[in-house]
Amino acid sequence: MLFSSQPKSEESDELESAVDQAISACGGDMRAAIRALIVANDYLESEVGELMKAVSHAYARGRFNSYSG
């Protein structure tokens, strides 16, 4: 996610640029862009799941503070 210290218009410009890039990468096909983003999101979610399984038991038991964003 974008940093909250940036002005709103700059955040909006960056988001719009990312949207344009995603659509452009799919040849202007918005459905293909959405499909690609869903596939990418599913992949990243599965990676997070695998990383969560790899986290040590000490960390999982709360011996360390986790970053809450």
Failed condition for MET1, given (1) open to solvent by 100 Å² or more (accessible area, probe 1.4 Å); (2) modelled with pLDDT of 95 or more: (2)
Is there any pair linking a residue in the range 9-27 that is touching a residue at least 24 places away in the same chain (Cβ under 8 Å) to one that is aromatic (Phe, Trp, Tyr) and surrounded by 12 or more Cβ atoms within 10 Å (Cβ to Cβ), with Cβ under 8 Å and at least six apart or on different chains, and which? none
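The values are calculated or read from the model by the stated rules, or taken from the named source; none is laboratory data. As the structure is a computational prediction, the values presented were derived from the model and not from experiment. Here the Cβ is made from the backbone with ideal geometry for all residues, glycine too, and neighbour counts use every protein chain on show. In case anyone asks, the SASA skips ligands and DNA or RNA and just uses the protein heavy atoms, side chains included. Shrake-Rupley method; radii C 1.70, N 1.55, O 1.52, S 1.80 Å.
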